[in-house]
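Accompanying notes for the structure given below.
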Amino acid sequence: MKVARYVGNGAIEIADEPTPECPEGGLLVRTEASGLCSGELMSWYMDKKIPHILGHEVAGIVEASQDPRFPVGSRVFPHHHAPCLRCEFCLSGNHVHCDQWKRTKLSPGGMAERFAVSPLNLSDTLVVDDLRPVDAALIEPLACVMKSIRLSRFVEDGNSAAVIGLGVMGLMHLLALGTKATGYDVNTSRVEWAVGNGINARGVDRADLADTVFVCPGTQGAFDFAARLVKPGGSIVMFAPLMPSQVLQVPQDLYFRDIKIMQSYSCGPTDTIAAADAIRSGRLRAEQVVSDFIGIDDLPTAYQQMKNGLILKPMVVFA
């Protein structure tokens, strides 16, 4: 079968690998759709994973099953990391720190014509027969957004929100947050894309203060902009990390303004359920955040285009 493999230095290749077998107690899934995550563009992060098969924003059809909850022929969304639901971290809602969550994965990865889902991953796998595969594949990134909003304790009634960065994750924040949120970007084409999809967005020169500011780019400049936008007593949510060589500089002024700074990393089962429900309710459709639906052979080119900011997001649709 064909797979998309990260080979280092910001490059990927399409390769052939044996089709995996259905693991005992698990599933074998034929991939229908798999999105390219912006995190898979960060060379400093990806180079540590070589050799690595891309893909964790994925949905597909069960071809073999050893679990009656997921019958053959059903469409599923499996999270690539899944918690044990029993440890102290899981019981406190901090699923991403569970040892099982950290070691689980899809085999060989979701950017492949087929992949295996271990029984351990089934604690965060959903049957999504009612969703289009291109929408179901977005459950994982939207779940990360749902966690970000949950941690912020943002309440739409009476509060305002700003989202910095109108890449895919910024757009998802805005679609999930609703009418009280405004998005900002220095890239006019991204502002135009957002506005064209019914999202309240504008350039950074026309910014309003907000109670909660979500920072999607992992840069000092984006954080500094958030520090200028957040109201006294408000919150800044860092959705992406800075590069390992960088240290976030926090101005002393934020202390005297009672500004809360929090981080939001990945997601857990409660967030994936919330994301699936949000998609079912019509809050997100793939066409709002995916610019290019492609075949797997076109992914190396699309990877470089997304990395260089030429396209918003590609999604591989498998025949």
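The values are calculated or read from the model by the stated rules, or taken from the named source; none is laboratory data. The structure presented is a predicted model; accordingly, all values stated were derived computationally and were not measured. Virtual Cβ from ideal backbone geometry, glycine too; neighbours counted across all protein chains shown. Remember, those area values only see protein heavy atoms, side chains included, never the ligands or the DNA or RNA. Shrake-Rupley method; radii C 1.70, N 1.55, O 1.52, S 1.80 Å.
So here's what we get for this one:
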{"read-out": "Test: Lys102 is at pLDDT 95 or above and over 16 Å from the mean Cα position of the chain (by Cα)", "value": "yes"}
{"read-out": "Residues within the stretch 185-216 that are of a type in the set (Asp, Glu) and within 21 Å of the chain's Cα centre (by Cα), tallied", "value": "1"}
{"read-out": "Residue within the stretch 149-165 that is of a type in the set (S, T, N, Q), in a helix (DSSP H, G or I) and farther than 23 Å from Asn308 by Cα present", "value": "yes"}
{"read-out": "Members of the stretch 182-215 found to be within 25 Å of Val250 (Cα to Cα) and free of Cβ contacts under 8 Å to residues at least 12 places away in the same chain, listed by number", "value": "Asp205, Arg206"}
{"read-out": "Test for Arg257: is it touching a residue at least 60 places away in the same chain (Cβ under 8 Å), more than 23 Å from Glu40 (Cβ to Cβ) and charged (D, E, K, R)", "value": "no"}
{"read-out": "Residue tally, condition open to solvent by 60 Å² or more (accessible area, probe 1.4 Å) and either small (Gly, Ala, Ser) or outside any loop (DSSP other than H, G, I, E, B) (or both), over the stretch 185-197", "value": "7"}
{"read-out": "Checking Thr182 against (1) in a helix (DSSP H, G or I); (2) more than 27 Å from Tyr45 (Cα to Cα), the condition it does not meet", "value": "(1)"}
{"read-out": "Members of the stretch 1-37 found to be part of a strand (DSSP E or B), surrounded by fewer than 20 Cβ atoms within 10 Å (Cβ to Cβ) and among the small types (Gly, Ala, Ser), listed by number", "value": "Gly8, Ala11, Ala15"}
{"read-out": "Pairs where the first residue, in the stretch 67-79, is closer than 17 Å to Glu32 by Cα and the second is open to solvent by 50 Å² or more (accessible area, probe 1.4 Å), C-beta under 8 Å, 6+ apart", "value": "Phe70/Val127; Val72/Glu63; Ser74/Val127; Ser74/Asp129; Arg75/Val127; Arg75/Asp129; Val76/Val127"}
{"read-out": "Counted residues, the stretch 155-174 - those being more than 13 Å from the chain's Cα centre (by Cα) and surrounded by 24 or more Cβ atoms within 10 Å (Cβ to Cβ)", "value": "7"}
{"read-out": "Residue list for the stretch 118-134, restricted to those being part of a helix (DSSP H, G or I) and open to solvent by 10 Å² or more (accessible area, probe 1.4 Å)", "value": "Pro119, Leu120, Ser123, Pro133, Val134"}
{"read-out": "Unique residue being modelled with pLDDT of 95 or more and more than 22 Å from Ile279 (Cα to Cα) when the list is Asn187, Asn200", "value": "Asn187"}
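Listed here are the residues, each with its yes/no results for (1) without any contact (Cβ under 8 Å) to a residue 24 or more places away in the chain; (2) more than 30 Å from Met1 (Cα to Cα); (3) exposed (fewer than 13 other Cβ atoms within 10 Å of the Cβ).
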| residue | (1), (2), (3) |
| --- | --- |
| Pro217 | no, yes, no |
| Gly233 | no, yes, yes |
| Phe239 | no, yes, no |
| Ser266 | no, no, no |
| Lys307 | no, no, no |
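To keep it simple, each residue is scored yes or no on (1) in contact (Cβ under 8 Å) with a residue 40 or more places away in the chain; (2) acidic (Asp, Glu); (3) under 24 Å from Gly39 (Cα atoms); (4) surrounded by 20 or more Cβ atoms within 10 Å (Cβ to Cβ).
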site: Leu242; (1), (2), (3), (4): no, no, yes, no
site: Leu248; (1), (2), (3), (4): no, no, yes, no
site: Gln263; (1), (2), (3), (4): no, no, yes, no
site: Ile273; (1), (2), (3), (4): yes, no, yes, no
site: Ile279; (1), (2), (3), (4): yes, no, yes, yes
